[in-house]
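K.L.:
The structure under discussion is supplied below as structure tokens; questions concerning it will follow.
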Amino acid sequence: MPRLVGRLYDRTTPGHVPFAVAGCLLLMTFSGKPTLGDRPEVLLERVEKVYADGKWNGRLSVVPFQGRYYTFFRSAVAHDQDGAIRVITSIGNSTTRWSSSPYAQVNYEATLKSGKSLDPIAHGPVARVLFDTKLDESEMHVLATPERMFGYIVYLSVNSDTVVGTRVAYTDNGQDWSQPVDVYKPGWSFWKPRSFQGVHYVVADVMTGNRRLELLRSRDGLKWTKVSTIAAGKLTETDLVFLDDGTALAVARQGYVYKAAPPYTKWIAKKAPHLSGPAVARVGNTILASGRIATANFPDGQQGERRTALFTIDPFTLQYTWIMNMVTQWGGDLSYPHILPLGNDRALLAWYDGERYQQGVPKRADIFMAVLRLLPGRRQP
């Protein structure tokens, strides 16, 4: 039966109205030392809405950098309208206190100074705009090193699905960013760059001509070179995770998971659930994956036709196991999550939750975050 640790809050509106969560959590016993591939029990410590301003806000990237957490996202009046990249920052080294909260100190003091009511308190500060050009900033994927944070912005032509390419900008203090410059080749999209053993990797896709997925690598985050072609075909949005022995898993939107050992030139493929906007991460000895799924395939008691689902992946068999669906207000245009490990037994899952998509129609999408706690499980036969 469902279990919940902590409470679920909407931090964007007065009173912190609790949300309900529908889903299924695996309850399993454990004996012996946990190993990679064990299936854990997953508990929800906390679920909250952290940003809502009436606009469409989504496609998240969450990273720690120099003692603070940063959440980057695309903001627009609608899913298919011209977007800009915005950011909210944590208050201190915490994933539960954000600059956009109505109860952030700056908002609290401003409310007091103005003589306005604290009950209810007004909405919190709006997110800072980082990049907004004549092109459509479709999304920004972020890679953080101890000294520098890189943002890889995928640009589209306005009111079009045509990918112009990816540009990179960087900051050494989290505040002042360089001007974005073209990276790799025109027409290519980056998706969730990762670092492993001092080298940066990313899966890039191209949606014209000879469509394919390529694994790229970089030493400095600025110059990227091809390692291999993972697969050919109409494939996009592919996240990476690495195992201790260097084996790489690549999870693609179109329902495939790929696996390769170093030097990553020979990939095997297996069919998997379709995950739009996939995110994957290793938390301790567990591989977590999340993305948008059809409610009909993984039903629960919430409304709408779409869900943000959480899975585990067995790194040996590449088998997916559904864990739960996250809370949704509408079950419409949603997901595109980010998974950030918080040690070996906890993770932050961030996603957007929006109204049902209608072409050209302004819609609202809000940002949610959940803290997951993983308890040891047992290896499945």
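The values are calculated or read from the model by the stated rules, or taken from the named source; none is laboratory data. These numbers were taken from a predicted model, which means no experiment stands behind them. Every residue, glycine as well, gets a Cβ built from its backbone with ideal geometry; the counts of neighbours run over all protein chains shown.
K.L.:
When both residues are 6+ apart or on different chains and their Cβ atoms are under 9 Å apart, which pairs have a first residue that lies in segment 227-249 and is under 18 Å from Gly198 (Cα atoms) and polar (S, T, N, Q), and a second that is assigned to a strand (DSSP E or B) and at pLDDT 95 or above?
P.N.:
Every condition considered, the pairs that remain are Thr247/Lys259; Thr247/Ala260.
K.L.:
OK, next. Could you count how many residues in segment 176-201 are on the phi > 0 side of the Ramachandran plot, touching a Ser or Thr at 6+ places or on another chain (Cβ under 9 Å) and in a loop (DSSP other than H, G, I, E, B)?
P.N.:
2
K.L.:
Name the pairs: first residue in segment 278-305 and closer than 18 Å to Lys259 by Cβ, second residue among the acidic types (Asp, Glu), Cβ to Cβ under 7 Å, at least 6 apart or on different chains?
P.N.:
Qualifying pairs under 7 Å: Pro278/Glu237; Pro278/Asp239; Ala279/Asp239; Val280/Asp239; Asn285/Asp38; Thr286/Asp38.
K.L.:
Could you give every pair whose Cβ atoms fall below 6 Å, whose first residue belongs to segment 343-357 and is without any contact (Cβ under 8 Å) to a residue 60 or more places away in the chain, and whose second residue is surrounded by fewer than 24 Cβ atoms within 10 Å (Cβ to Cβ) and of a type in the set (Phe, Trp, Tyr), counting only separations of at least 6 or pairs across chains?
P.N.:
If the second residue must be surrounded by fewer than 24 Cβ atoms within 10 Å (Cβ to Cβ) and of a type in the set (Phe, Trp, Tyr), the pairs left are Glu355/Trp330.
K.L.:
Restricting to segment 167-190, what's the tally of residues that are within 21 Å of the chain's Cα centre (by Cα) and among the polar types (S, T, N, Q)?
P.N.:
Going residue by residue through segment 167-190, those that are within 21 Å of the chain's Cα centre (by Cα) are 167-171, 174, 188-190.
Filter once more, so that each one left must be among the polar types (S, T, N, Q): 171, 189.
Residues flagged as within 21 Å of the chain's Cα centre (by Cα) and among the polar types (S, T, N, Q) within segment 167-190 amount to 2.
K.L.:
Could you check how many residues of segment 334-350 are crowded, with 24+ Cβ neighbours inside 10 Å and either over 19 Å from Gly277 (Cβ atoms) or not hydrophobic (A, V, I, L, M, F, W, C) (or both)?
P.N.:
4
K.L.:
Ok, one more. May I ask you to list the residues in segment 71-97 that are assigned to a strand (DSSP E or B), under 21 Å from Leu334 (Cα atoms) and of a type outside the set (D, E, K, R)?
P.N.:
Of everything in segment 71-97, those that are assigned to a strand (DSSP E or B), under 21 Å from Leu334 (Cα atoms) and of a type outside the set (D, E, K, R) turn out to be Thr71, Phe72, Phe73, Ser75, Ala76, Ala84, Ile85, Val87, Ile88.
K.L.:
Tell me whether segment 204-216 contains one or more residues that are farther than 21 Å from Ile313 by Cα and touching a His at 6+ places or on another chain (Cβ under 9 Å).
P.N.:
The answer is yes; a qualifying residue exists.
K.L.:
Does segment 208-243 hold any residues that are part of a loop (DSSP other than H, G, I, E, B), closer than 27 Å to Leu288 by Cβ and hydrophobic (A, V, I, L, M, F, W, C), and which are they? Before you say what the answer is, go through the steps one by one.
P.N.:
Pass one, segment 208-243, residues part of a loop (DSSP other than H, G, I, E, B): 208-211, 219-224, 233-237, 243.
Okay, now just the ones that are also closer than 27 Å to Leu288 by Cβ, so 221, 224, 233-237, 243.
If the condition is that a residue be part of a loop (DSSP other than H, G, I, E, B), closer than 27 Å to Leu288 by Cβ and hydrophobic (A, V, I, L, M, F, W, C), then Trp224, Leu235, Leu243 are the ones that fit.
K.L.:
Still on this structure: Can you tell me which residues in segment 128-175 are among the β-branched types (Val, Ile, Thr) and part of a strand (DSSP E or B)? Spell out how you get there, then give the answer.
P.N.:
Of all residues in segment 128-175, those among the β-branched types (Val, Ile, Thr) come to 129, 133, 142, 145, 153-154, 158, 162-164, 166, 168, 171.
Hits for segment 128-175 are Val129, Val142, Ile153, Val154, Val163, Val164, Thr166, Val168, Thr171.
K.L.:
Name the residue, out of Lys192, Lys185, that is buried (at least 22 other Cβ atoms within 10 Å of the Cβ), of a type in the set (Lys, Arg), in contact with a strand residue (DSSP E or B) (Cβ under 9 Å, 6 or more places away or on another chain) and more than 22 Å from Lys266 (Cβ to Cβ). Show your work before the answer.
P.N.:
Numbers: Lys185 fails: buried (at least 22 other Cβ atoms within 10 Å of the Cβ).
Sole residue among the options that is buried (at least 22 other Cβ atoms within 10 Å of the Cβ), of a type in the set (Lys, Arg), in contact with a strand residue (DSSP E or B) (Cβ under 9 Å, 6 or more places away or on another chain) and more than 22 Å from Lys266 (Cβ to Cβ): Lys192.
K.L.:
Between a first residue in segment 186-200 that is under 12 Å from Val154 (Cβ atoms) and a second residue that is among the polar types (S, T, N, Q) and surrounded by 24 or more Cβ atoms within 10 Å (Cβ to Cβ), which pairs have beta carbons less than 7 Å apart while being 6 or more apart in sequence or on different chains?
P.N.:
Pairs that qualify, where the first residue is under 12 Å from Val154 (Cβ atoms) and the partner is among the polar types (S, T, N, Q) and surrounded by 24 or more Cβ atoms within 10 Å (Cβ to Cβ), are Trp188/Thr166; Ser189/Thr166; Phe190/Thr166; Trp191/Thr238.
Quick grid of which residues meet (1) in contact with a Phe, Trp or Tyr (Cβ under 9 Å, 6 or more places away or on another chain); (2) under 19 Å from Ala350 (Cα atoms):
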| site | (1), (2) |
| --- | --- |
| Gly221 | yes, no |
| Asp239 | yes, yes |
| Lys266 | no, no |
| Ala272 | yes, no |
| Ala281 | no, yes |
| Ser290 | yes, yes |
| Gln319 | no, no |
| Val327 | yes, yes |
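K.L.:
Please state which of the following conditions Val257 fails to meet, knowing it meets all the rest: (1) surrounded by fewer than 18 Cβ atoms within 10 Å (Cβ to Cβ); (2) under 18 Å from the mean Cα position of the chain (by Cα).
P.N.:
Result: Val257 fails condition (1) only.
K.L.:
Continuing with the same structure: For the list (1) surrounded by 14 or more Cβ atoms within 10 Å (Cβ to Cβ); (2) under 23 Å from the mean Cα position of the chain (by Cα), I need the number of the one condition that Ser228 fails.
P.N.:
(2)
K.L.:
Under the condition of being within 18 Å of Leu340 (Cα to Cα) and either at pLDDT below 95 or of a type outside the set (A, V, I, L, M, F, W, C) (or both), which residue from segment 133-147 is surrounded by the fewest Cβ atoms within 10 Å (Cβ to Cβ)?
P.N.:
Taking segment 133-147 as the starting set, the residues that turn out to be within 18 Å of Leu340 (Cα to Cα) are 139-146.
So of that shortlist, the ones also either at pLDDT below 95 or of a type outside the set (A, V, I, L, M, F, W, C) (or both) come out as 139, 141, 145-146.
Working: Glu139: 27, His141: 25, Thr145: 14, Pro146: 7.
So, considering only residues that are within 18 Å of Leu340 (Cα to Cα) and either at pLDDT below 95 or of a type outside the set (A, V, I, L, M, F, W, C) (or both), the one surrounded by the fewest Cβ atoms within 10 Å (Cβ to Cβ) is Pro146.
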